[in-house]
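Structure first, commentary second.
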Amino acid sequence: MKAILDLCISFANWFWGIPILIVIGGTGLYLCIRLGFPQFRHFGYICSQTFGKMFSRQEKKDGTVSPFAAACTALACTIGASNIVGVPVAIALGGPGSVFWIWILAIVGMVSKYAEAALSVKHRVKNEDGVYVGGPYYYCKKGFGNKFGVILGTWFAAALMIEFIPSAATQAASACIQFEFMGIDQKVVAIVMCVLLVIVCMGGVQRIGSVCDKLVPAMAIIYLLGALIIIFANIGTLPGVIGSIFANAFTGRAAVGGFGGATVAMAIRWGAARGVYSNEACVGTGAIGHAASDVDHPIRQANWGVFEVTVDTIIVCTVTALAVLCTGVWTSPDAGDGGTLAQAAFVSMYGAGFTQYFIAICVFLFVFSTNIAIVFYGEKQAEALFGTKFAKVWRWIYIIGTLIGGFGVTLSTLYSLLDFLLAIVIIPNVLALLLLAPQVKKLQHEFYHTPGMYYLADKAAKESKKSSKTK
């Protein structure tokens, strides 16, 4: 067993270097070229249909949630501790230039998420409870329509079911430990989180969507406001910080304190890797949430995939990076591997007392939303493979995993296993995205070029409304 475990960890350490950057970055770039860079060509329309309709009231059909709620369910799994910890780690190990490569991976990752959401809605089905389900399992199975597709889909679903067990535990552990300074036992925090998870997740997809479309914006706004105040307080340093991000992306520079200077390769390696962890482009998990959306066409929900990466990486990760860089805490000899830089930035502005409470609350909310998504996504994979009755029992495995995270279990080995299992999850989804890209291309042409429908109908309605106001 030890030999097998060591082999898994060695593979994970190798895969999550240059290979993962080639796999995910290359897939995203291929989809950008194949689909004509929709995140740029239709940027205005995408913004109007996502940011412009975030809080608009929409009637939902049975078994669905609003497009915004579906996107928030997907965001719940991606906005997490990596947004607070991962970006500063990239800066410490790869210098300010790593932020540039985070942006690059986000830009190409938008189209990966776009394709995942489109395929998920196109190939979704209604389960025994009358609820729409979808994701890589379904678009592999139905998209290929042969044994190869069944093998890929089963591979993805089985691997994700297993990967989510240690993931739920490690997420919970990262939240529980934040409350130690208050004298609150980690076990109590874990129990509270589990109770909340049961209340939310037992209500089905519509309750999950309802909670996520309130919780995700609330937690993001709380954190962003705190970080933006830091940036504005140090506004004089902002031009130099922006300049260093672009300059160091091609020259390389790391923090002091043991780092002899980062090479360009280090900036790319750490920036790209943190970008991948942040938005989960090509992982396929977000597609499961998007499948439950009440939309008239797959591409309309695909636009919310672009929105998801924009919020998670372009906005939240960028604000974290600027807060760390503007305060200068990244150059401290105590920077270490960067894991505490975000906290140091907040301490510089608000003091240690307030910051401890603020970060603890933010991390708890981020982890709670992530574990909501883990329970939902894991349950749907179990449902795809073994049916709804088994899935309703299996969801308790993730809730138990969350509970274990607060009971002082040593998780260092599990962290390494997470990387290995996630690599196994990514491979079938990447193959599906590359091979099913023609289907997304066809859907895109249908959406944007069908007279009187979808995009052209939206455009005509907007022009008609504008004309009536003028009159």
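Each Lys or Arg adds one and each Asp or Glu takes one away; over the other residues whose Cβ falls under 10 Å from the Cβ of Val309, this sums to -2. At the residue level, Ile222 shows approximately 70 square angstrom of accessible surface with a 1.4 angstrom probe and all protein chains present. Taking each residue as 0.36 nm, the span from Thr450 to Ile177 lengthens on full extension beyond its C-alpha to C-alpha distance by 92.9 nm.
Selection among Leu196, Thr154, Ala172 by position relative to the dipole of region 111-248 gives Thr154 as farthest towards the positive end (Cβ unit charges, Cα centre).
Sorting Met1, Met349, Met219 by accessible area puts them as Met1, Met349, Met219; the probe is 1.4 Å, largest comes first, and only protein heavy atoms count.
In this view, the solvent-accessible surface of Lys53, computed with a 1.4 Å probe and all protein chains in place, comes to about 80 Å².
One chain, two ends: Ile9 and Lys214. Fully extended at 0.36 nm per residue, the span grows by 70.0 nm beyond their Cα-Cα distance.
According to the calculation over all Cα-Cα pairs in region 149-251, the P(r) per 5 Å bin from zero is 2, 9, 9, 11, 16, 13, 12, 11, 10, 5, 1, 0 %. A 1.4 Å probe over all protein chains sorts Asp458, Asp6, Asp312 by accessible area into Asp6, Asp458, Asp312, starting with the largest.
Taking each residue as 0.36 nm, the span from Phe250 to Phe40 lengthens on full extension beyond its C-alpha to C-alpha distance by 73.2 nm. For the set Lys113/Lys141; Lys122/Lys459; Lys187/Lys380; Lys214/Lys462; Lys147/Lys459; Lys141/Lys441, the pairs lying more than 30 angstrom apart at their alpha carbons are Lys147/Lys459. Accessible area of Ile33 (1.4 Å probe, protein heavy atoms only, ligands and nucleic acids ignored): about 110 Å². Database remark: amide H of Ser293 closer than 5 angstrom to the amide H of Val65 (H placed geometrically; neighbours at sequence offset of 5 or more, or on other chains; Pro and chain starts carry no H).
Sort 388-400, 313-325 by packing, meaning the average of other beta carbons within 10 Å per residue, with the highest value first. Mind showing how you got there, number by number?
Working: 388-400: 16.7, 313-325: 23.8.
Packing proxy ranking, top to bottom: 313-325, 388-400.
The values are calculated or read from the model by the stated rules, or taken from the named source; none is laboratory data. Given the structure is predicted, the values throughout are model-derived calculations rather than measurements. Quick reminder, even Gly has a Cβ in these numbers, built from the backbone with ideal geometry, and neighbours come from all protein chains shown. In case anyone asks, the SASA skips ligands and DNA or RNA and just uses the protein heavy atoms, side chains included. Shrake-Rupley method; radii C 1.70, N 1.55, O 1.52, S 1.80 Å.
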